[in-house]
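Below you'll find the structure, written out as C-alpha cells, and then a few comments.
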Amino acid sequence: MLRQTFFSDNGLPPQHQPSDSLEGFHTVTQEEVLKALEGISPTSALGDRTLPPSVWIRLCKIRPDILTHMTDWSLRSRTLPTILKRVLTMVIPKPGKPDYLVPKEYRMISLLPTLSKTIEHVALARMTVFIPNCLSLLQFACQKGYYPLDAVHLILEKVYKASNDKLYSSALFLDVQGAFDKVLHQRLAEIMTINNFPPYLVDWVQSYLADRSVRITDGAASEPSFTPIQVGIP
C-alpha cells in the first residue's frame, strides 16, 4: 500500500531519447569532487551498504584520481550505474496523526549511497548555471541568494502598501501534494532541453532517475529486496 501510494507510475509519457552530444562538457576536476564530498553532511544517514563521507574524503585526499575518474566517466558517458541507484527508504510516522493505517501519515526519507551523492553534487553544481532559466523571478527557493523568508517580506510589503492605500488584501496558498513523488522523468527531460541544459546533463539526469529501485524500512523491519520504481525523484 505504501509503494502504490508514493510510487504510482500510471500514465507515463513517451521515453526520453538520449543524445550522443557532449556539447558543453568539460573534464571533471579533483577540486569539483572534493568540494562535492565536503558538501555532504558527515552526520547524514547512510544508504544501503555504503561508506560514510569521511572515508571517501580521506580516500579523495590520498588518491584524488580514483574518485575523479569515476565521476568524470559517469558524466562523460551520461550514465549512473544501477548499483548506485538503490534507494533505502526510511518510513517515519508523522507525529500526532490519528490513524497510522493511512499511508499519507508517513514521511518517506530516501537514503542514497555516498558515491551516488558525490556524483550528484558535481552534476548539480554544473546545472546551477542553467537552473535560473527554468524559474520565475518570484521563485524564492532553489536559487542562489533567494530565501523563503524573502517571500514573506514580499507579501508583507504588498499588504502594508495596500493598507496604506486604503485597500484590502487577500491571499491564496496552495500546496502541491506529493510533488517530488510524482515527478515524470520524461517531462523533466523536456523542460531541461527547452531551457538549454547541455545534452550530456539532460541524459545524465535521465540515467540518474531511470532504473531506480527502492527498499522500504522502518528501522525494525525491511522489505526483503529492492523493487523497481518509474516515477519520483530521491
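Scanning for something in a loop (DSSP other than H, G, I, E, B) and out of contact with any Cys (no Cβ under 6 Å at 6 or more places or on another chain), does segment 185-194 turn up at least one residue?
Step one: filter segment 185-194 for residues in a loop (DSSP other than H, G, I, E, B), giving none.
Within segment 185-194, not a single residue is in a loop (DSSP other than H, G, I, E, B) and out of contact with any Cys (no Cβ under 6 Å at 6 or more places or on another chain).
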Single match in Thr118, Thr79 (criterion: hydroxyl-bearing (Ser, Thr, Tyr), modelled with pLDDT of 85 or more, under 30 Å from Pro198 (Cβ atoms) and within 15 Å of the chain's Cα centre (by Cα)): Thr118
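Could you identify the single residue in Ile40, Ile57 that is in contact with a His (Cβ under 8 Å, 6 or more places away or on another chain) and of a type in the set (Val, Ile, Thr)? Full working, then the answer.
On the way: Ile57 fails: in contact with a His (Cβ under 8 Å, 6 or more places away or on another chain).
Just a single option satisfies the conditions, and that option is Ile40.
Based on this model, can you work out whether Leu156 counts as open to solvent by less than 90 Å² (accessible area, probe 1.4 Å), over 30 Å from Glu120 (Cα atoms), in a helix (DSSP H, G or I) and modelled with pLDDT of 90 or more? Let's see the steps before the verdict.
Values: open to solvent by less than 90 Å² (accessible area, probe 1.4 Å): yes; over 30 Å from Glu120 (Cα atoms): yes; in a helix (DSSP H, G or I): yes; modelled with pLDDT of 90 or more: yes.
Yes: the conditions hold for Leu156.
For segment 13-46, how many residues meet the condition of being among the hydroxyl-bearing types (Ser, Thr, Tyr) and under 25 Å from Gln230 (Cβ atoms)? Show your work before the answer.
So in segment 13-46, the residues among the hydroxyl-bearing types (Ser, Thr, Tyr) come out as 19, 21, 27, 29, 41, 43-44.
When the remaining residues are screened for being under 25 Å from Gln230 (Cβ atoms), the result is 19.
So the count comes out to 1.
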What pairs come up if the first residue lies in segment 151-177 and is within 14 Å of Leu138 (Cα to Cα), the second is in a loop (DSSP other than H, G, I, E, B) and among the hydrophobic types (A, V, I, L, M, F, W, C), and their beta carbons are under 6 Å apart, counting only those six or more places apart or on different chains? Ala151/Phe140
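For segment 159-185, which positions are surrounded by 11 or more Cβ atoms within 10 Å (Cβ to Cβ) and at pLDDT below 85? Step through it out loud before you land on a result.
The first filter runs over segment 159-185 and keeps only residues surrounded by 11 or more Cβ atoms within 10 Å (Cβ to Cβ), leaving 159-163, 169, 178, 180-185.
Passing the criteria: Gly178, Phe180, Asp181, Lys182, Val183, Leu184, His185.
Given the residues Lys166, Lys144, which is the only one that is within 18 Å of Lys35 (Cα to Cα) and outside any helix (DSSP H, G or I)? Break it down stepwise before answering.
Numbers: Lys166 fails: within 18 Å of Lys35 (Cα to Cα).
Being within 18 Å of Lys35 (Cα to Cα) and outside any helix (DSSP H, G or I) holds for just one of Lys166, Lys144, which is Lys144.
The values are calculated or read from the model by the stated rules, or taken from the named source; none is laboratory data. As the structure is a computational prediction, the values presented were derived from the model and not from experiment. Methodologically, a virtual Cβ is constructed for each residue, glycine included, from the backbone with ideal geometry; neighbour enumeration extends over all protein chains shown. We work out accessible area using only protein heavy atoms, side chains counted, and drop any ligands, DNA or RNA first. Shrake-Rupley method; radii C 1.70, N 1.55, O 1.52, S 1.80 Å.
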